[in-house]
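Taking it in order: structure first as structure tokens, then the write-up.
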Amino acid sequence: MKVRMLLFAVLRDIVGADEREIEVADGVRAIDLWNDLRATHPRIAPYERPPFTAVNQDYVKPETVLHDGDEVAFIPPVSGG
């Protein structure tokens, strides 16, 4: 199945893209997507806990199971003035 992953702020800068379409197995959870991202990007690897996570524009727990066509957004905290 395919899901669309959206990345914001520093995550977008590290990965070098603001979105990706990803082929995943049935039963994959948002936390699994986060862990895969950590495994492929060393600058994200230290962050074991995922940032705010949204599926189809609703905030969810990281353990949420994804479905074909879902849009998953990882939204890190931001600061500034």
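Where a number appears in this text, it was derived from the coordinates with a stated rule and is not lab data. A quick note: this is a predicted structure, and the numbers were derived from the prediction, not measured. Cβ coordinates were reconstructed from backbone atoms using ideal geometry, including for glycine residues, and neighbour counts include every protein chain displayed.
Brief remarks on what is shown
- For the chain, the 222 nm mean residue ellipticity estimated from helices alone, with every DSSP H stretch of n ≥ 4 adding -39500 (n - 2.57) and the total spread over all residues, rounds to -6500 deg cm²/dmol.
- Full-extension gain in nm, Arg20 to Arg49, via 0.36 nm per residue minus C-alpha separation: 8.4 nm
- Selection from Asn56, Val78, Gly27 lying farthest towards where the dipole of the chain points positive, charges on Cβ: Val78
- Among the GluC sites (Glu not before Pro) found in region 20-64, those both in a DSSP coil and sparsely packed, with 12 or fewer other Cβ atoms within 10 Å of their Cβ, are Glu48, Glu63.
- Each label point was placed 7 Å from the Cα along the Cα-to-Cβ direction; for Val10 and Arg38 their separation is 1.5 nm.
- Lys, Arg +1 and Asp, Glu -1 on Cβ, resulting dipole of the chain about Cα centre, debye, nearest 20: 320
- Global geometry of the chain, whether rounded, prolate or oblate, following the gyration tensor of its Cα atoms and the 1.5 cut on a/c: prolate
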